[in-house]
Amino acid sequence: MSSNPSSARPHGLNLQTTVSAGVAIVRCSGRLTAEVAASLKNEVKSLMPASQRIVLDLTDLSYMDSAGLGTIVGVYVSAKRTGCELQLVNFNQRVRELLGLTHLLEVFESCGRHSTKFP
């Protein structure tokens, strides 16, 4: 198992990535906004060639704007194209509302439940 704790990003986004047995878990904390969305996109895309499943754990994500949402949708589409499964877990009420407003909640809701177990 390898762990790559990323340092704090500008404007408060922190990503901590753990990879084990073909599953990458990216723990996101802070704020996912236009200023930092590219760092999440780059991190997740770098994991796609080697991972069968990528889990974005949003437990500690305090805020996400429309650019952050667009980034998540973009990496979801990229993952599908490469045969990788992308899941969102532990998203808060604000993220749930944003997904609902954009009619994306049903895409992510089944994997967004709290207490998801990781291998």
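The values are calculated or read from the model by the stated rules, or taken from the named source; none is laboratory data. This one's a predicted model, so the numbers in the text were calculated from it and none came from an experiment. Just the protein is used for accessible areas: all its heavy atoms, side chains included, with ligands, DNA and RNA removed. Shrake-Rupley method; radii C 1.70, N 1.55, O 1.52, S 1.80 Å.
Based on alpha-carbon positions alone, could you give the equivalent ellipsoid semi-axes of segment 14-78 from the gyration tensor, as √(5λ), descending, whole Å?
Working through the eigenvalues yields semi-axes of 19, 13, 9 Å.
Multiplying the sequence separation of residue 65 and residue 85 by 0.36 nm and subtracting their Cα-Cα distance, what value in nm do you get?
Working: separation 20, 0.36 × 20 = 7.20 nm, distance 2.33 nm.
Gain in length upon complete extension: 4.9 nm.
Going by accessible area, probe 1.4 Å, with all protein chains left in place, what is the ranking of 80, 41, largest first? Intermediate results must be reported in sequence, preceding the final value.
Working: 80 130, 41 90 Å².
My answer, sorted largest first, is 80, 41.
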